[in-house]
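The values are calculated or read from the model by the stated rules, or taken from the named source; none is laboratory data. Please read these numbers as outputs of a predicted model, since none were measured by experiment. Here Cβ is always computed from backbone atoms with ideal geometry, including for glycine, and neighbour counts include all displayed protein chains.
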Amino acid sequence: MNRKNTLVALFALAASALAMVPAGNAAGYLDDLEFRTGETEIVNDGDKPTLSGAFLSAQVAAANNDEAAAVASYREAIKLDPKNGQLKQSLFVALTANGQIEEAVELLPQIPEEDANPAVNGVVSAADAMKRKSWNRVLQNIDKLEGSDLDNLLANLVGSWALVGSGKMDAALKRTSEIAGPEWTQVLRDYHVGLMLASAGKDAEAIPYLEKAVANRAVAAALTVTYMRAVEALARSQARTGEKDKALKTIKSGLELISDHQPLIALQNEISGDATIQPLIKTPQQGAAEIFFNVGSAISRQGSLPFAQSHLQLAHYLDGESVPILYALGNVFQGQEKFTRANTYYTEIPESSPFYRNAQLELALNYNQLKDVDEAEKLINGVIERNPDDFTAVTMLGGMYAQYDRFADAAKLYDRAIARIANPTKDDWNLFYRRGIAFERTKQWDKAEVDFKKALELSPDEPDVLNYLGYSWVDMGINLDEGLAMIRKAVELRPNAGFIIDSLGWAYYRLGKYEDAVVQLERALQLMPTDPVVNDHLGDAYWQVGRRLEATFQWKHALSDKPSDVDREKIEQKLQSGLTN
């Protein structure tokens, strides 16, 4: 393997447990196993485990990012071919991706040199050495990583934290000066230099580096998590040097980017309350965990969740009590639809943590995905009980009620929330809109209409509200011109929203403008080809313009797209008799 691709291989730890297996198809690899070992016949033998079966099971598990299953299958394969070094290297990779770092490291002596990947194995070994405070062994292993800007950054920062651990701060700072590359690498370098100095109690020296990292807002989009951590680290150092006002100003600037960033809000309260402020990072192990966390979080934001997972597992191994790392791992597994696994991390987050509220909501989302609706409801209600003005939690619970057609419960929930608002502002439009939907679905149109109008009074250009009210009027055959104008405005505001364009087409239909309806409904179908309502509406429009065969096709398509029971009955009647009015 080209050493310039070593970090790419590390990224692939979670994506494929075959990252270190030679290129080629599975059959070719199995042939090579048989040729080299001369010990294993690759055949199926009824229910008896075979090397081919175990290996292919591991492949499938790895492709599905199911590391636990991959670990089990590789272990089974190794039992059948105990001298195979490539299988052991693949098991090492799967163990690392699954967070079983100690077991992975214990496996290393069993991997022959010709089958090992020195760079990737060296990164994991360096993390293990860092955990055990074996500073020289950290350097010996991490220096095997070289090549890209990211390789260089990771190697130099992990090595620098090892030097901090051995009491060689000057050498550590010198090593960081060797980091070269684009702006984002410089931001991470300055951030970690600041962390190193602050961890040694040198906050005054740390502040200029942290200020430099925070000054580069251009990288905030790509390194959002790290950027906000840098803001927090700077505010902590400023507070620790007695610059309380500057610290609060720094926090304010961070909250301008993410207004509900709970760690900064919690720190703001601590500083305002004259609490003793601790540095963000206290130990070299936490510092090394931070760099793996920074890299993993950045990769996660780019959508490469399996790649991010391995870095976050190494971070968790080094700092098992770090709540931000626990939360990030939960996010990564949740993003891969491993809801039960994600919950194991969220449930570790203590109630005292600024991340607790968000973790409880994520747990609720996952339990809902797992069809444990009672537990999901209990968790969200717990958040609301702690803070009745948490309207994000209120709308989340209301959305869950709507998902299960519990609109009466949703209406009562929104009643309680709105009753707490003395003077509604623009930010409150969504509560009135959602209560309006709940009233409309429980056949309380007079109340619903009032809420929709109130939502538009608070925020006149909300396309969802304009569409819902306009569509409702048109569908009921009232206020047709005003309803049509509302829907047109909604389309202008959101020109690629298929459901809004469907509303416009249906408004034309209700007004008897069937040719115009066809044009708009065909546009909506392009955007939402499997939506039963759009297909049904287009079928009606085709029928009215004399395109009867196409109308029948659209109605059949609507039936195949699983419409509601009420709509299904209507569509089946149209297929039998056509439109009768």
>> I need the full set of residues from the range 212-252 which are assigned to a loop (DSSP other than H, G, I, E, B) and charged (D, E, K, R), in order please.
In response: Glu243
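Name every residue in the range 459-488 that is among the charged types (D, E, K, R), over 33 Å from the mean Cα position of the chain (by Cα) and over 14 Å from Tyr508 (Cβ atoms), in order of residue number.
Result: Glu482, single match.
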>> Criterion first (free of Cβ contacts under 8 Å to residues at least 60 places away in the same chain and not in a helix (DSSP H, G or I)) does Ala393 satisfy it?
In response: no
> Any chance the range 416-425 includes a residue that's in contact with a Lys or Arg (Cβ under 6 Å, 6 or more places away or on another chain) and not aromatic (Phe, Trp, Tyr)?
Replying inline: no
>> I need a count of the residues in the range 541-565 that are surrounded by fewer than 13 Cβ atoms within 10 Å (Cβ to Cβ) and part of a loop (DSSP other than H, G, I, E, B).
In response: 3
> Restricting to helices (runs of 4 or more DSSP H) lying wholly in the range 307-389: which have 2 or more residues that are closer than 21 Å to Asp66 by Cβ and without any contact (Cβ under 8 Å) to a residue 60 or more places away in the chain?
Replying inline: 323-335, 339-346, 356-369
>> Take Leu511 and tell me if it is over 30 Å from Asp409 (Cβ atoms), touching a residue at least 24 places away in the same chain (Cβ under 8 Å) and among the hydrophobic types (A, V, I, L, M, F, W, C).
In response: yes
> Which residues, counting only those in the range 506-525, are in a helix (DSSP H, G or I) and at positive phi?
Replying inline: none
>> So, in the range 566-581, exactly how many residues are surrounded by 14 or more Cβ atoms within 10 Å (Cβ to Cβ) and farther than 22 Å from Val545 by Cβ?
In response: 1
> Pick from Leu326, Leu379: which is touching a helix residue (DSSP H, G or I) at 6+ places or on another chain (Cβ under 6 Å) and more than 28 Å from Lys252 (Cα to Cα)?
Replying inline: Leu379
> Is one or more of the residues making up the range 442-452 among the hydrophobic types (A, V, I, L, M, F, W, C), more than 31 Å from the chain's Cα centre (by Cα) and surrounded by fewer than 18 Cβ atoms within 10 Å (Cβ to Cβ)?
Replying inline: yes
> Taking the range 526-540, which residues are under 34 Å from the mean Cα position of the chain (by Cα), part of a helix (DSSP H, G or I) and under 19 Å from Asp475 (Cβ atoms)?
Replying inline: Pro532, Val533, Val534, Asn535
> Can you name the residue in the range 243-283 that is surrounded by fewer than 18 Cβ atoms within 10 Å (Cβ to Cβ) and of a type in the set (A, V, I, L, M) and is also farthest from the chain's Cα centre (by Cα) among such residues?
Replying inline: Ala275
>> Can you find a residue that is farther than 24 Å from Gly194 by Cα, among the β-branched types (Val, Ile, Thr), more than 31 Å from the chain's Cα centre (by Cα) and not assigned by TED's automatic domain parsing to the domain that holds His311 anywhere in the range 126-147?
In response: no
> Which residue out of Thr530, Thr552 is of a type in the set (Val, Ile, Thr) and more than 30 Å from Asp405 (Cβ to Cβ)?
Replying inline: Thr552
